[in-house]
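Peer 1: What follows is a structure written as structure tokens; I'll ask about it next.
What follows is calculated from the coordinates using simple rules that are stated; it is not laboratory data. Everything numeric in this text was worked out from a predicted model, so none of it was measured. Note that we place each Cβ from the backbone using ideal geometry, even for glycine, and neighbour counts take in every protein chain shown.
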Amino acid sequence: MAQFDLFGAPVLVPTDAGRRASRSNDIGAVVPAPELVALGEALPGSLYLGTSSWSFPGWAGLVYARSVDASRLSRDGLPAYARHPLLRSVGIDRTFYSPLSVAGFARHAAQVPAHFRFLVKAPSACTSVLVRADGQPAMTNDLFLDERVALDEFIAPALEGLGNKAGPLVFQFPPLGRAYTQVPQRFADALYGFLCALRAQARGALLAVEVRDPEVLSAAFFAALGSTGVRYCVGVHARMPSVVEQARLARALGAGALVVRWNLHSGFGYDEAKSRYAPFDRLVDEDLAARHALADLAVEAIGAGEAVYIIANNKAEGSAPLTLTRLAEAVRERLRAMTAP
């Protein structure tokens, strides 16, 4: 696909007038600039852009009308977040650390409009090879790839609580260790059995797998996903190959939803990026290669009639809402080019 020089344009941010609070909820949403509204209206309904969580006080003036503490945003900020013209989705990351009840999921679903979708991370209890108690050495996790944990503590409550607003349910596997990276077939075989058990009980759910070890991206790995109807989640992360390379490998899966988590700038570790980018109110290190590649993938999937879910982290470029604004601009320009006479 042809590339376009889109990235010198200024980021669309609310005007001074647009920083007034919406009075529709307790935590005011920024009234967006007209240009931002027009950008959102130009994007197809099958494109779900969102951020990893929503509880960032530094987003005052970008998403929220004023600075509110993180705990209150976590509890009450989602209605204001969902009023942003581009943010039609959000990632729920807390489920990686502890389960969320049906009632908890339902509370989130009740705070957003019908078109909104949630990407939810599976609990690490079933995706981590090792577990570590406070002050204790790491131990083998007996629940690794345990389908009952995945079904009972994750898939079932998420689907029941979120209903039609459930988007991708993502199993993100932390680094697996040499037992699997040195013998990728071992992971592919274990994953296949796990996914077969899940698919038998979760027909119709959009399941996806994300990894942190490029060594396991084997033909057998993608065969395990493809044969169970599970999507590959492109993980933009310092540990992983480029977006282009991951997409090339994932083509073995054929048609289906595009699922992306734009996690971390390739030049930094997690803690370094966090300290460098806080309070997450501006772009600091723009990743043009990832942006170009993701825009191309999104437009290709949209053209094929597939849903696209792209969740951005603050640690990708400095500010997830602004990262997604730039990405949305790139997608719009490509869509315009496709329909130009």
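Peer 1: Would you order 281, 146, 271 from fewest to most other beta-carbon atoms within 10 Å of each residue's own beta-carbon? Walk me through the intermediate numbers first.
Peer 2: On the way: 281 20, 146 17, 271 9.
With the fewest neighbours first, 281, 146, 271 line up as 271, 146, 281.
Peer 1: Based on the alpha-carbon gyration tensor of segment 223-327 and its eigenvalue square roots a ≥ b ≥ c, which shape applies: rounded if a/c is under 1.5, prolate if not and a/b is larger than b/c, or oblate?
Peer 2: Prolate, because a/c is 1.5 or more and a/b exceeds b/c.
Peer 1: Rank the residues 265, 115, 108 as a footprinting-exposure proxy: fewest other Cβ atoms within 10 Å of their Cβ go first.
Peer 2: Listing 265, 115, 108 from fewest to most nearby Cβ atoms yields 115, 108, 265.
Peer 1: Another question, then. Quick check on the exposure proxy: order 206, 264 from fewest to most C-beta atoms within 10 angstrom. Please report the intermediate quantities before stating the final value.
Peer 2: Working: 206 20, 264 23.
Going from sparsest to densest Cβ surroundings: 206, 264.
Peer 1: Gap in Å between the Cα centre of segment 31-86 and the Cα centre of segment 151-180?
Peer 2: One Cα centre to the other: 24 Å.
Peer 1: Report the Cα centroid-to-centroid distance between segment 314-341 and segment 278-310 in angstrom, as an integer.
Peer 2: About 6 Å separates the Cα centre of segment 314-341 from the one of segment 278-310.
Peer 1: Return the sequence-ordered ³J(HN,Hα) values of segment 89-96 in whole Hz as given by the Karplus equation 6.51 cos²θ - 1.76 cosθ + 1.60 applied to θ = phi - 60°, using x for Gly and Pro.
Peer 2: 8, 7, x, 9, 8, 4, 5, 5
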